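See structure below.
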Amino acid sequence: MSEKQEPNGKASATNITDQERDLAQQALAEYEKKNYKSCLEHLQRIEESRPNDPKVLLNKAIVEFYESGLCTADKFQKSLIDVCKQVELNLEQLDSLEDVENCIYYYNYAVFLYHLKHYTKALAMINKVYSFIESLEESLAHKVCLLIVQLHIDTNKHAEALKLITYIESQFVSTDNATNILTGSADQGGPIHAETEKTEKKANLDAATDAFRVSLIQYRVRSLMELNLFDECSQQLNTIKEKQDSITMFLIGKLEYLRGNHKEALAILKEIPVKDDFIETGECSSVLINNNVACLYHYAKKPTLSFTSIYKAIVQHQKNIVDVTKPTQAEGSLSGQPLHIIGASIKTELMFNLGISLLHARKPEEAFDCLIEAVQTYHMNPRLWLRLAECCIMTHKKSNDRDFDFKKPYIEGVVGSGKHRKIILKSQLFPDTKYSCEAVSASIPMPSLEFGSLCIRNAVLLIQNDTIDCSPSHTPINTPHKDYLFGCIQSAGAYIALCLGDPVVALKYSQELLKSDKINKVHKFLGHLYAAEALILSDKPNEAIDMLKESNAFDDIEPEIHEQLRTEQWKPDKQKSAKAVLYYNLAVALTLRGDLDKAGELLKQIWLSKIEHVSVPVHVVILALYIHLRLGQKEIAITLIKQNCPQAKR
Amino acid sequence: MYLSVNQLSTLMSILSEETVENQTLEYLVSQLHQFFKREDNFKVGCTLLMLIQHSDFLLNQTQKFAAIILCYELYRNEPIATNPLAPIFMHLLHKKVGKNEYVGDLPVLTMPVKIFLSNLIMSQNSKELLRKSAKQVLTARSDPSKPVVNTATILNTIKERRKNLPRTAKSSLPVIIPDPQKTESKEGAKQVLEMLISGPKSYVSHNFKPEMMRLVPPLYVCKEEMVWMNMSSRSNHQIMYDKTMCVSTSAATEARELMTKALKTPLTLQQQQHLLAELGNDPKLVYHIGLTPCKLPDLVENNPLIAIEVLLKLMQSHCITDYFSVLVNMEMSLHSMEVVNRLTTTVELPTEFVHLYISNCIVACETIKDQYMQNRLVRLVCVFLQSLIRNKIINVQELFIEVQAFCIDFIQIREASALFRLLKQLETGDTCSIGNIAAAAGITPSTIAAAKDKDKEKIVPKEK
């Protein structure tokens, strides 16, 4: 506290005339009625007699800001800093806050930073203000409490937030105590307040305190939910359930959603009233409801409904934002939009959801465009990078279905007739491998395998962190999850590397899969397949054969395949079918080594299982044909094609 | 397009029955080099190979033979081992080159042809040989004096080269599988050839090999991935108007002024009572009178009674520890000791503050130069310590060594030796007699007050 400051403080304290006091009261009254224009007039009259009173200057800046519809953030920021200079405060330096009188500047600046999403800085600032909490006027104290809790939640400090809430409740809302503290001055300060004012104030305070109490509980529920303490959440929610306000209803809905009670969640969403006060609150319940309904559709395996619902939400959200934006960019980058709208955009999260649902609706390219937007913000999330890689993979190959579909032609066709008749085979059954020869950088975001491999690299690096950043999604409690995610990332990496013709990298990824003993059976199975193929491409058929022969990955693969089938129709869908794939690849490896007879034996086994209605790879016919040709049994080969491919009979 | 339709018909006309029958091989070769550029060699070679391997395009043995010679001539300037078509000659000469190799419908060569071909491959100067026409070679009688030249060395080099190729590279087969039917052909050979070679897909250039089946990994399954959105209650946080503008009350102003005064000079009794009354009226006022921790020492020195009251009111504040640490670290004086003593009896102070204060006291006693002042100070500290012990505010065990050393240092002072006896008493566990000892030493609450009054004028004036 500097000595220099005192003349100012003293002046403002001593020289207040009755007229000024009246004007100030009128200004406050107009402010509370939101008549900013006339409020401003009063303030200007006060300013004439008190040109250096920082409180007058601050209020003038605030009212001007409100009058512009909070659209002139740049100007407000400048005025705030100027006023602070006058009282020798530096908003950037927290140590300069020593006098409780100056808290209001810091609070306002913290609010300003909060709306611009500078959460860490705002938190440091409000922490400083909070150290004066007991000395603050009660309505400001409440606001400071709410902001400090909010900022703890926004910076993921949930345990601290819970402690704060408990402390704040004990100090400000614990029934008798609270009313005593809050009305304390009124009860004792007889000379200042008249009796009537006292009771009126008490009634107002009760309403305000109750709202404050409810807000604190809502914040507590949020933090508890993030910490996965669901039982505590529902206990807390029960205490405020009957209020039926939208914030609480959304929270109840989320709890049901996280507990997997999707029906209940949907029922709650339907009850939430649709209000359109975006311009005031920066929030539009119908956008949120549409988004949340989409989440429920997504997990009900209705991807199309899901993405249309989110799409609706996005369109409306964008429209809301355009509607409140004024074209006055000249005044600075923060002007033109109301302050509370600047940080209120939830487009990134909506795009994230849209991307996930499009991916599950098997629209990988569209999904990619959405997720690439989300990853600009959430670039520390390894799951998001994996999703991007999945988009790249799905763009390259939609699914495994075609590999088991005997109805699709798998020869090129027939040329000529009579003695010139030729059967033309396909040079590649499916164009699985893609050697890039385009001079386009792999780092350009597009759903290419090259970009996918970079995504996987990011995911691999990020999953090595101790805690996995799942934002914007909810973070689950435990990490058996992490092993599963690891398996997904490594197998996607191996797949992409194989498709790009990079067996060394593919082998590295697949060996990671084989090393771990906590890996999902499906991934283990894929690890064997990919590793064997990488070995074949590196011309090591013996090692590949050993690997496939020893593989017992599909022993109890069935339950884990079923787990997968709940969200996606993945093939192979049965243990026998998985076995057929593995045997087929073994047959290829044997063929390449020259063990044509053994390979032929295996093919026969696979073929027998096809008769038992097991899905087997269509590749077996072509391999059988190949083996017969190599053995010089041209006639058998041709019969084989004709039997299995109606195209060749013609 | 592999070879254009024109190129194909040029090639076919070089190999036409008529040309082959009537012209020397040399002529055919020169025609080939005339119409085809070097860079087309491989394409021409593959086309020739297909013509040789399929039985339905070159009907005549002479034509097939000519095609074989052209295959060789395409790469004559290179060592035979690097000729990409070399394996075909080995097949023709040796029948079985490797186990299970697909060869298509390769013609079987007669002895004279084999001899000719082996001579051609092995001889340095082949010009002589090519002067013959294809027909002459085919119809030549087998001459026992000219046996088939041994090509085994070449065969080995070719095998050696193939060995170094990866298996995936050498396992390919052509995609065109002949399937001749007895029915009449609707198209001529030329038409079919055009489809195979000059068509948009030019099948002749393609081959197939065993492919591994590469499964796409399943999508990542995650229960909570979709983001559920709550209302964020952003509107809880709004820029706030300063309602205290121009409303500061006279009471607050007065209190503030009195406090400013109290930092500089002792207040009159009336002023003290007024300030304390104002503070009592409004519990929050204490925060608004401009008393920051760094100003506390001035208040303590000038108005210890007010300092005590203010500190008691600030107990709920977050900043109270700041005030404490200023208090224990300020220069030791009668007033500060009085304040600390009062605080210890009224509220529970953090132990570390009391300990810190005591050790500061002891250090102050030890470092003071003036003998008389030192005696005064030591007596005060002893009385203070006894009071703390008697009121069980400190557990003397925790400070035993320091306090004992202090007593021994100043044992000639009456209060110090009394304190020392008290310590010994405590050490032997005779707790019940503490009160007696204290009483014996003449320590009562009034002692401190008495000591204070006596020493006031001597201790308070500090050197600044």
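Taking all Cα-Cα distances within the protein assembly as shown, those exceeding 54 Å account for 49%. Amide H to amide H, with H built 1.01 Å from N, B:SER133 comes under 5 Å of B:LEU25, counting only residues 5 or more places away or on other chains. Ranking A:LEU640, A:VAL614, A:PHE525 by how far each Cα lies toward the positive end of the dipole of region A:495-650 (charges on Cβ) leaves A:LEU640 at the top.
Between B:GLN61 and A:LYS508, the FRET efficiency estimated from the beta carbon spacing at R0 = 51 angstrom works out to 0.35. What's the FRET efficiency of B:ARG421 with B:ASN329 using the Cβ-Cβ distance as r and R₀ = 22 Å, to the nearest 0.05? The pair B:ARG421/B:ASN329 has a calculated efficiency of 0.10.
Each part reduced to its alpha carbon centroid, region B:366-428 and region B:227-248 end up 56 Å apart.
When only the heavy atoms of the protein chains count and the probe is 1.4 Å, how do B:LEU32, A:LEU507 rank by accessible area, highest first? Don't skip to the end; give the middle numbers.
Working: B:LEU32 0, A:LEU507 30 Å².
Sorted descending by solvent-accessible area, the residues read A:LEU507, B:LEU32.
Axis angle, to the nearest 10 degrees, between helix A:54-67 and the longest C-alpha principal axis of chain A: 50 degrees.
Across region A:420-430, rounded Karplus estimates of 3J(HN,Hα) from the backbone phi angles (6.51 cos²θ - 1.76 cosθ + 1.60, θ = phi - 60°) give 8, 5, 10, 8, 9, 8, 8, 6, 10, 4, 9 Hz, Gly and Pro being marked x. Taking the longest Cα principal axis of chain A as reference, the axis of helix A:230-240 is set at about 40 degrees.
Label-to-label distance for B:THR153 and A:ASP245 is 10.0 nm, based on points extended 7 Å past Cα in the beta-carbon direction. Taking A:LYS363, A:LYS85, A:LYS55, A:LYS128 and ordering them by how much accessible surface each has at a 1.4 Å probe, largest first, produces A:LYS85, A:LYS363, A:LYS128, A:LYS55. Here's the picture: a label point sits 7 Å out from the Cα of A:GLU264 along the beta-carbon direction, and within region A:282-326 nothing has its amide nitrogen under 12 Å of it. Using 0.36 nm per residue and subtracting the Cα-Cα separation, the extra length available between A:GLN318 and A:LYS37 on full extension is 98.1 nm. In this structure A:LYS326 has an accessible area near 90 Å², from a 1.4 Å probe over the protein heavy atoms.
Placing R0 at 45 angstrom, the Cβ-Cβ distance between A:THR155 and B:GLN270 gives a FRET efficiency of 0.30 after rounding to 0.05. Summary of the geometry: region A:347-400 and region A:550-614, compared by the centres of their Cα atoms, lie 30 Å apart.
To the nearest 10, the accessible area of B:GLU352 is 120 Å² with a 1.4 Å probe. Look at the stretch A:458-471: the mean tally of other chain Cβ atoms within 10 Å of its residues' Cβ atoms is 0.
Computed extension length for A:GLU563-A:SER333: 77.8 nm, one decimal, from 0.36 nm per residue of separation with the Cα-Cα distance subtracted.
When the residues B:ARG390, B:ARG414 are ordered by accessible surface, computed with a 1.4 Å probe over the protein chains alone, the sequence from largest down reads B:ARG414, B:ARG390. If the segment from B:VAL347 to B:GLU402 were pulled out straight at 0.36 nm per residue, it would be longer than the present Cα-Cα gap by 17.3 nm. Taking Cα atoms only, the orientation of helix A:18-32 departs from the longest principal axis of chain A by about 30 degrees. Sequence-ordered 3J(HN,Hα) estimates for region A:356-362 from the Karplus curve with 6.51, -1.76 and 1.60 and θ = phi - 60° stand at 4, 6, 5, 4, 6, 7, 6 Hz, glycine and proline given as x.
Amide H of B:PHE208 versus every other amide H placed in the peptide plane: which residues, excluding those fewer than 5 positions away on the same chain, fall under 5 Å? Long-range HN contacts for B:PHE208: B:LEU173, B:VAL175. Taking amide H positions as modeled 1.01 Å from N, with prolines and chain starts lacking one, no residue 5 or more places away or on another chain lies under 5 Å from A:ASN520.
Above 29 Å, the calculated P(r) of region B:251-428 contains 28 percent of its Cα-Cα pairs. Take the Cα of A:GLU48, step 7 Å toward its Cβ, do the same at B:ASN22, and the gap between the two points is 12.3 nm. Here the sum of -39500 (n - 2.57) over DSSP H runs of 4 or more residues, divided by the residues of the protein assembly as shown, equals -19000 deg cm²/dmol at 222 nm, to the nearest 500. Extending 7 Å from the Cα toward the beta-carbon at both B:GLN316 and B:ILE368 defines two label points whose distance is 3.9 nm.
For region A:547-552, the Karplus equation 6.51 cos²θ - 1.76 cosθ + 1.60, evaluated at θ = phi - 60°, returns couplings of 4, 5, 5, 7, 5, 10 Hz by residue, with Gly and Pro reported as x.
For region B:251-428, the fraction of 1.4 Å probe accessible surface lying on carbon and sulfur atoms is 54 percent. Between the listed residues B:THR260, A:CYS470, A:ASN35, the Cα displaced farthest toward the positive end of the dipole of the protein assembly as shown, a dipole computed from Cβ unit charges relative to the Cα centre, is found at A:CYS470. Only one residue of B:VAL383, B:LEU343, B:MET332 has its Cα farthest out toward the positive end of the dipole of region B:251-428, where Lys and Arg carry +1 and Asp and Glu -1 on Cβ, and that residue is B:VAL383. For the peptide B:198-211, the mean number of other protein chain Cβ atoms found within 10 angstrom of a residue's Cβ is 5.
The values are calculated or read from the model by the stated rules, or taken from the named source; none is laboratory data. Keep in mind that this is a model prediction, so the values were computed, not measured. Methodologically, a virtual Cβ is constructed for each residue, glycine included, from the backbone with ideal geometry; neighbour enumeration extends over all protein chains shown. Accessible surface is based on the protein model in full, side chains and every heavy atom, while ligands, DNA and RNA are left aside. Shrake-Rupley method; radii C 1.70, N 1.55, O 1.52, S 1.80 Å.
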